[in-house]
Amino acid sequence: MRTLVHLSDVHFGRSEEIVVEQLVESVHSIQPDVVAISGDLTQRATPREFERARAFLQMLPKPQIVVPGNHDLPLYNLYARFRGGFDAYKRYVSHDLEPFYLDDEIAVTGVNTARRLLIKGGRINEAQMLRVEEHLRGLPDHIRKVVVTHHPFDLPPGYRAGELAGRSEQALGRFLVCGLDLLLAGHLHVSSRGPTAIRLGCGARTAVFVQAGTACSTRGRGEPNSYNVIRVDQASMEIQTLSLADDGFVPGASQWFERSSSGWVRNSGEIPTGAPDAGDRR
């Protein structure tokens, strides 16, 4: 079994230091095998914000799969946005915008969906799809395959298709052929999870899509700060959202998925292990 911590949208520049401290302490208590961070480390991509983001990443467990978000590109400085692009991200976070992790149980690949020409939205291109396929295709069947993006490839109820990463449906169909098990994304500041077939119906196979809320910023959208813990083995997947309360991050109910011949299906039973999971909206 592997344990993943999935957090997103920390937005240094609009974060609360006490929440950051509580988040770091909580993540360490999980003892994850991998930490996935799905973008928006900063609010305005300034050097000071990236310095804080770098310090934050250094405090978290490793290995880490970190991808940029649209807020990690300069917004108002057009020269820096179009000439420099991800230069500050590379300087303070990593030169690798699409990291890959592989061990004997799990493969996690990051995809950078942020674009200089798109202020809020994102997309995936053909070269990126091919790279993910190269990572995932041919891996042994027992290895669980995970893709991490900032912009979502699936949506919670009530959101418009325009919130999806461009070409996400095409990419998802191709990744499912490669045996994709799990999609991790952020951007919406809303927690959600469910099988991909509910909305997209991409063939007969399904993966599980998990959306993270904002981990420590003040830019909540009706939800407390939160992050996800995912425990996955060859046959089952447990997903749990930990939400900020008076005494730190507390676990909500776990939701389970089981692997079948057609991919992952929801187990109707839930195991309550703390406060109600306000993030489960399906």
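Given the criterion crowded, with 20+ Cβ neighbours inside 10 Å, of a type in the set (A, V, I, L, M, F, W, C) and modelled with pLDDT under 95, identify the matching residue among Ala165, Ala204.
Going through Ala165, Ala204 in turn, just one is crowded, with 20+ Cβ neighbours inside 10 Å, of a type in the set (A, V, I, L, M, F, W, C) and modelled with pLDDT under 95: Ala165.
Run down His135, His150, His71 and say which single residue is over 23 Å from Val24 (Cα atoms) and not hydroxyl-bearing (Ser, Thr, Tyr).
Selected residue: His135, the only one of His135, His150, His71 that is over 23 Å from Val24 (Cα atoms) and not hydroxyl-bearing (Ser, Thr, Tyr).
Could you pull out the residue among Leu188, Leu130, Leu139 that is surrounded by 17 or more Cβ atoms within 10 Å (Cβ to Cβ) and either more than 30 Å from Pro47 (Cβ to Cβ) or not basic (Lys, Arg) (or both)?
Going through Leu188, Leu130, Leu139 in turn, just one is surrounded by 17 or more Cβ atoms within 10 Å (Cβ to Cβ) and either more than 30 Å from Pro47 (Cβ to Cβ) or not basic (Lys, Arg) (or both): Leu188.
For His95, are the conditions met, namely being free of Cβ contacts under 8 Å to residues at least 24 places away in the same chain, more than 22 Å from Leu188 (Cβ to Cβ) and outside any strand (DSSP E or B)?
yes
Whether any residue in region 17-28 is surrounded by fewer than 20 Cβ atoms within 10 Å (Cβ to Cβ), in a loop (DSSP other than H, G, I, E, B) and among the aliphatic types (A, V, I, L, M) is what I want to check.
No, region 17-28 contains no residue that is surrounded by fewer than 20 Cβ atoms within 10 Å (Cβ to Cβ), in a loop (DSSP other than H, G, I, E, B) and among the aliphatic types (A, V, I, L, M).
Is it fair to say Asp40 is outside any helix (DSSP H, G or I) and either within 26 Å of Asp247 (Cα to Cα) or β-branched (Val, Ile, Thr) (or both)?
Spelling it out, Asp40 is indeed outside any helix (DSSP H, G or I) and either within 26 Å of Asp247 (Cα to Cα) or β-branched (Val, Ile, Thr) (or both).
Out of curiosity, is Ala55 out of contact with any strand residue (DSSP E or B) (no Cβ under 7 Å at 6 or more places or on another chain), surrounded by 14 or more Cβ atoms within 10 Å (Cβ to Cβ) and farther than 24 Å from Gln170 by Cα?
no
Do we find that Ala36 is modelled with pLDDT of 95 or more, of a type in the set (A, V, I, L, M) and surrounded by fewer than 24 Cβ atoms within 10 Å (Cβ to Cβ) in this structure?
Spelling it out, it is not the case that Ala36 is modelled with pLDDT of 95 or more, of a type in the set (A, V, I, L, M) and surrounded by fewer than 24 Cβ atoms within 10 Å (Cβ to Cβ).
Looking only at residues that are of a type outside the set (Ser, Thr, Tyr) and touching a residue at least 40 places away in the same chain (Cβ under 8 Å) in region 75-91, which one is surrounded by the most Cβ atoms within 10 Å (Cβ to Cβ)?
Ala88
Is it true that Pro61 is touching a helix residue (DSSP H, G or I) at 6+ places or on another chain (Cβ under 9 Å), part of a loop (DSSP other than H, G, I, E, B) and under 25 Å from Val250 (Cβ atoms)?
Taking the combined requirement at face value, the residue satisfies it.
Looking at region 92-112, which of the residues that are over 16 Å from Leu139 (Cβ atoms) and in contact with a Lys or Arg (Cβ under 9 Å, 6 or more places away or on another chain) is surrounded by the most Cβ atoms within 10 Å (Cβ to Cβ)?
Val111
Would you check which residues across region 113-127 are crowded, with 24+ Cβ neighbours inside 10 Å and within 16 Å of Asp96 (Cα to Cα) and list them?
Thr113, Ala114 - these are the residues of region 113-127 that are crowded, with 24+ Cβ neighbours inside 10 Å and within 16 Å of Asp96 (Cα to Cα).
The values are calculated or read from the model by the stated rules, or taken from the named source; none is laboratory data. This is a predicted model, so every value here is computed, not measured. Positions of Cβ are generated from backbone atoms using ideal geometry, with glycine treated the same way; all protein chains shown enter the neighbour counts.
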